[in-house]
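One structure is given below, encoded as structure tokens.
The values are calculated or read from the model by the stated rules, or taken from the named source; none is laboratory data. Computed from a predicted structure; not experimentally measured. Neighbour counts run over all protein chains shown; Cβ positions are idealised from the backbone, glycine included. For accessibility, only protein heavy atoms count, side chains too; no ligands or nucleic acids. Shrake-Rupley method; radii C 1.70, N 1.55, O 1.52, S 1.80 Å.
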Amino acid sequence: MAFQKSPGTQDILPGVVERWQYAEQKARDICRRFNFREIRTPIFEATELFQRGVGETTDIVEKEMYTFTDRGDRSITLRPEGTAGVVRSYVENKLYGEPDVSKLYYIGPMFRYERQQAGRYRQFHQFGIEALGSVDPAIDAEVIALGYTFYTEVGLKGVRVEINSVGTPAVRAAFREKLLAFLMPMREQLCKDCQSRMERNPLRVLDCKTDQARFEEAPSILDSLDEECNIHFDKVKTYLTDMGIPFSINPRLVRGLDYYTHTAFEYKAEGIGAIDTIGGGGRYNGLVAEIGGPDQPGVGLGLGLERTIMLLEHQQAVLDNAHQIDVYVVALGEAAEREVTRLVYELRTSGIRAERDYLGRKMKAQMKSADRLQARYTAILGDDELTRGEIALKEMATGEQRVVALASLASELKSN
């Protein structure tokens with residue numbers, strides 16, 4: 001082969017892409033029911049947007065961004081996550097002027113130069129939502145519930161919700177000193193990343209997977225929350241309980257982005273090697289102002305579609321759209337061949353998924369093709385049937401066959 005796909009990317013082929021379409025369709029339907037509207041932002045943005053929005057001390061900004069200089073001598077970055085671009089659009093297009101909370105969702109590719117492993121790609125896809133304009137903890141709970149509903153309705157089993165409060169900047173500043181006092185005696189035993197993070201953002205040390213066992217006795221940020229933070233967190237827990245969303249509290253959950261305040265959460269599931277986090281999010285009350293807009297609060301999530309698809313395959317989930325097509329139309333005879341071209345077009349424009357043979361194969365081979373395509377029905381039209389205005393309709397699962405009027409084939413299929 002002269003050319004192959006770049007490392008960390010994938011070709012999503014027919015036979016697999018149907019799972020993606022299924023998950024994306026579920027996401028859009030759930031967002032419709034929760035009254036979130038779709039937004040589509042550029043795949044690349046000014047590098048400074050992510051430096052300011054995501055945080056200069058994060059792994060994403062320090063190690064993982066695809067950044068280049070364009071022909072206008074501007075520093076451009078392929079988006080590594082979705083929130084910063086949505087917030088930029090929210091500010092630039094003055095959506096904060098709307099009377100209601102801006103509830104937005106997106107589905108699309110993101111880019112990070114990460115070490116390749118199961119469920120982790122350099123071009124990956126996220127389904128995300130952002131709710132901007134409200135400090136109400138009920139919207140935090142709604143966002144968490146929407147993500148849990150997505151995983152449940154798409155068919156995944158054993159998904160867990162973990163939540164924490166990372167407080168306000170003032171709370172974190174006080175907690176930072178307590179954490180440093182705990183970490184400093186073990187500094188030389190920690191990994192290089194942890195040693196670097198201790199100097200700039202000690203809370204990120206708690207996110208380390210290498211030294212996690214050393215932090216069992218670390219102070220909990222929950223013990224440093226002020227009254228406002230405690231009230232907010234208690235209400236989130238109450239709302240989740242009222243909705244029947246199962247959750248556990250993880251006081252070391254800090255997420256990998258700098259913009260979070262108050263609520264932080266993750267979704268966990270087993271089945272993708274060493275990785276168990278399949279999505280997450282939190283509240284970001286200072287991000288809109290940091291990017292240059294008015295001081296508007298926000299909360300959102302991002303769910304990895306690659307990991308969702310891998311778990312669906314691992315759990316051998318049965319999807320609702322098992323049939324690839326509704327009907328495969330078989331033509332026997334020259335006149336029937338011509339009529340089938342018109343008939344298949346009519347079926348398709350009536351909303352029916354239809355296919356036919358284009359290789360001049362005999363009836364037996366066409367029936368095998370219908371079986372491979374998982375057609376629910378085959379419709380068999382010969383020259384004699386065409387003369388009588390009839391067509392044979394066979395249900396593939398049962399083998400039952402009956403004759404119907406050619407003119408009513410579309411309505412007959414729709415009724416079934």
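In segment 186-242, the qualifying residues are those that are in a loop (DSSP other than H, G, I, E, B) and of a type in the set (D, E, K, R), and the one that is nearest to GLY282 (Cα to Cα) is ASP226. Of the helices (runs of 4 or more DSSP H) lying entirely inside segment 1-117, the ones with 1 or more residues being at pLDDT 95 or above, within 16 Å of the chain's Cα centre (by Cα) and surrounded by 15 or more Cβ atoms within 10 Å (Cβ to Cβ) are found at 17-33, 83-92.
Quick grid of which residues meet (1) exposed (fewer than 12 other Cβ atoms within 10 Å of the Cβ); (2) within 16 Å of SER415 (Cα to Cα); (3) touching a residue at least 12 places away in the same chain (Cβ under 8 Å):
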position: GLU337; (1), (2), (3): no, no, no
position: ILE352; (1), (2), (3): no, yes, yes
position: GLY360; (1), (2), (3): yes, no, no
position: MET363; (1), (2), (3): no, no, yes
position: SER369; (1), (2), (3): no, no, yes
position: GLY382; (1), (2), (3): no, no, yes
position: LEU386; (1), (2), (3): no, no, yes
position: GLU395; (1), (2), (3): no, yes, yes
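Only a single item in (1) in contact with a strand residue (DSSP E or B) (Cβ under 8 Å, 6 or more places away or on another chain); (2) open to solvent by less than 50 Å² (accessible area, probe 1.4 Å); (3) in a helix (DSSP H, G or I) is not met by MET310, and it is number (2). Restricting the first member to segment 28-51 and to residues that are small (Gly, Ala, Ser), and the second to residues that are open to solvent by less than 50 Å² (accessible area, probe 1.4 Å), the beta-carbon pairs closer than 7 Å and six or more apart or on different chains are ALA46/ILE76.
Selection of first residues in segment 84-110 that are within 17 Å of ARG283 (Cα to Cα) and among the charged types (D, E, K, R) and of second residues that are at pLDDT 95 or above and part of a strand (DSSP E or B), restricted to Cβ pairs under 7 Å at least 6 apart or on distinct chains, gives the following pairs, ordered by first then second residue: ARG88/GLU45; LYS103/ARG37; LYS103/ALA131. In segment 159-170 there is no residue that is assigned to a helix (DSSP H, G or I), closer than 20 Å to GLU266 by Cβ and aliphatic (A, V, I, L, M). Yes or no: segment 209-226 includes at least one residue that is open to solvent by 40 Å² or more (accessible area, probe 1.4 Å) and either of a type in the set (Phe, Trp, Tyr) or closer than 25 Å to ALA138 by Cβ (or both). The answer is yes, given that some residue of segment 209-226 is open to solvent by 40 Å² or more (accessible area, probe 1.4 Å) and either of a type in the set (Phe, Trp, Tyr) or closer than 25 Å to ALA138 by Cβ (or both). Against the condition surrounded by fewer than 24 Cβ atoms within 10 Å (Cβ to Cβ), small (Gly, Ala, Ser) and part of a helix (DSSP H, G or I), how does ALA317 come out, does it pass? For ALA317, the condition - surrounded by fewer than 24 Cβ atoms within 10 Å (Cβ to Cβ), small (Gly, Ala, Ser) and part of a helix (DSSP H, G or I) - is not met. Filtering segment 213-229 down to residues that are farther than 19 Å from ALA181 by Cβ and touching a residue at least 40 places away in the same chain (Cβ under 8 Å), which residue is nearest to the chain's Cα centre (by Cα)? This residue is CYS229. Under the condition of being acidic (Asp, Glu) and under 18 Å from GLN324 (Cα atoms), the residues counted in segment 384-399 number 1. Identify all residues within segment 66-86 that are touching a strand residue (DSSP E or B) at 6+ places or on another chain (Cβ under 7 Å) and among the acidic types (Asp, Glu); write none if there are none. Across segment 66-86, the qualifying residues are ASP70, GLU81.
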